[in-house]
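The values are calculated or read from the model by the stated rules, or taken from the named source; none is laboratory data. Note that this is a predicted model, so its numbers are computed, not measured. When we count neighbours, we look across all protein chains shown, and the Cβ atoms used for this are built from the backbone with ideal geometry, even at glycine. Side chains are part of the model used for accessible areas, which takes the heavy atoms of the whole protein and leaves out ligands, DNA and RNA. Shrake-Rupley method; radii C 1.70, N 1.55, O 1.52, S 1.80 Å.
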Amino acid sequence: MGSDDHEPNERPAHAVRLSDYGLGETPVTNEQYRCYLRATQAEESAYWRNPRYSDPMQPVVGVSWDDAQAFCQWLNEGSGQNFHFTLPSEAQWEFAARGTDGRDYPWGNEKPTKERACFGQKSSFGKPALVGSFLNGRGSFGHMDLAGNV
């Protein structure tokens, strides 16, 4: 985890042992989050009704850490699954994004391109891509959208 080649707060690179865990293939979508809002009457995020951020297949944006925790708790209570839904730790997310070979990006060490990730947009008019739109940006474990987008 970490890197000796990048920002000082990533140094030093160090070994971390992780227990088995699962990670969703894509970020949570607005449609998935809408189910939670309807079931719980939780408050909408500040961007919920903004057309730039409200497509059902865009990643949900503008939720706080507490909102995300509440969403995970709702999943745990209603999913009937045998595992516990949580937000990934920094180490879990980094392992999913960098793979077993410590790549710089989920797809490898090549710089981002518009075929691999949603990036480089102007904040005044850009918007998140639909989840899973960048097949060339898929990580070594099959996850999507671990770089770029939101």
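Structural remarks
- Residues residue 44 and residue 79, FRET efficiency given R0 of 25 Å [Cβ-Cβ distance, rounded to 0.05]: 0.65
- A Förster radius of 35 Å, combined with the Cβ-Cβ distance separating residue 18 from residue 113, puts the computed FRET efficiency at roughly 0.75.
- Folded to 0 to 90 degrees: helix 65-78 orientation relative to the chain principal axis, Cα: 70
- Accessible carbon and sulfur surface of the chain relative to its total accessible area, %, 1.4 Å: 50
- Gaussian network model of the chain, springs between alpha carbon atoms under 10 Å - residue of 61, 131, 16 with greatest fluctuation: 16
- For residue 122, solvent-accessible area (1.4 Å; no DNA, RNA or ligand), Å²: 130
- Residue among 126, 78, 137 with the largest mean-square fluctuation in a Gaussian network model of the chain, springs linking Cα atoms under 10 Å: 78
- Rolling a 1.4 angstrom probe over the protein heavy atoms with all chains in place gives the range 105-146 an accessible area of 60 Å² per residue.
- Computed on the Cα trace of the range 21-79, the radius of gyration divided by the Kirkwood hydrodynamic radius gives Rg/Rh = 0.94.
- Acute angle (nearest 10 degrees) that the helix 30-40 long axis makes with the longest principal axis of the chain, alpha-carbon atoms: 50
- Magnitude of the charge dipole for the chain, about its Cα centre and with charges confined to Cβ atoms of Lys, Arg (+1) and Asp, Glu (-1), is about 500 debye.
- Using just its DSSP H runs of length 4 or more, each adding -39500 (n - 2.57), the chain gives a mean residue ellipticity at 222 nm of -7000 deg cm²/dmol after division by all residues.
- Which labelled figure in [x] 10, 34, 33, 18, 5, 0; [y] 10, 34, 37, 18, 1; [z] 12, 43, 34, 10, 0 is P(r) over Cα pairs in 10 Å bins from 0, in percent, once derived from the coordinates: [y]
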